[in-house]
1. What would the Debye formula give as log10 I(q)/I(0) at q = 0.11, 0.14, 0.19 Å⁻¹ for the alpha-carbon point model of the range 49-139, no solvent?
2. Could the peptides 146-156, 35-45, 88-98 be put in order, highest first, of the mean number of other beta-carbon atoms found within 10 Å of their residues?
3. Output the antiparallel fraction of DSSP beta bridges having both residues in the chain, as a percent to the nearest 5.
4. Between Asp141, Asp104, Asp168, where does the largest GNM mean-square fluctuation fall for the chain, given springs only between Cα atoms within less than 10 Å?
5. Please report, in cubic angstrom per residue, the volume enclosed by the convex hull of the alpha-carbon atoms of the chain.
6. Quick check: with the 1.4 Å probe, what order do Ile197, Ile208 take by accessible area, largest first?
7. Where in the chain are the DSSP H helices whose alpha-carbon span along the long axis reaches 27 Å or more and whose Kyte-Doolittle mean is at least -1.0?
8. Please report, in debye to the nearest 20, how large the charge dipole of the range 73-230 is about its Cα centre when each Lys and Arg carries +1 at its beta carbon and each Asp and Glu carries -1 there.
Amino acid sequence: MSEDNKEPASAPGADSSAPGPVEGEANEAAEKEAKAKAAAEARAARAAAREAAKKSEAETEAAADAVAKEPSPKQPVLDRFAELLKEGLGHASVLEAYINEVDDHLPCVVLEAAAMERAAVLVAGHPELKLSYLRNLAGSDLETHLEVIYHLLRLSDMQEYCVKVKADRNLPIVPSVTSVWQAADWNEREIYDLLGIEFSGHPNLVRIMLPDDWVGFPLRKDYEPLDPEV
């Protein structure tokens, strides 16, 4: 074969089987999608397991109640609390009311998120409730939804109440209560920073612990850091 007819040699180190830039991006996107799908399925499975355990626990408690169980000493307190909230906010705004026996029979209510600011004004200024002190404000990821928890205290007799609101994972928005309890300011910013719950009406809703350019919310169950070593 003459020199003119020889095929050009491949460049040293060249690999024709290596994926091109477009193919590499497609593979990366597919991998991210697969991870997101797996995380969602795992989250749903954990939520289902938790619901099953909760149902089993409720059935066990119901069976125990059927045998014999003294009513909670705080049941009248809870009933009155729920009654006042329904009167002031409307029955539809009060989703649930229960006694947390583990936490010293703490009266708890679950409200619609949109009603929280009105609820704050009501309970802080009501002549019977007088819940002027916000003892604690926290957030939680329950996988099916996000939750904001308010612990309120009446200082005259140290009676404590708990109010919870549920927020949608994809668009978590809860009204700010800083206009009622100034102590909520930094707590709401921390919850926004770590869980991504937006508090509408907050005077300065910016991150308080992480830098402004941080991607994601570390306390969410599906959080994946960009840099695993951080």
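The values are calculated or read from the model by the stated rules, or taken from the named source; none is laboratory data. This structure is a prediction, so every number in the text was calculated from the model and none was measured. Backbone-built Cβ (ideal geometry, glycine too); neighbour counts: all protein chains shown. These accessible areas exclude ligands, DNA and RNA; they are computed on the full protein's heavy atoms, side chains included. Shrake-Rupley method; radii C 1.70, N 1.55, O 1.52, S 1.80 Å.
1. -0.40, -0.63, -1.03
2. Ranking the peptides 146-156, 35-45, 88-98 by packing returns 146-156, 88-98, 35-45.
3. 75 percent
4. Asp104
5. 197 Å³
6. Ile208, Ile197
7. On the way: long enough: 21-67 (69 Å, -0.69).
Span-like helices in the chain: 21-67.
8. Dipole of the range 73-230, to the nearest 20 debye: 580 debye.
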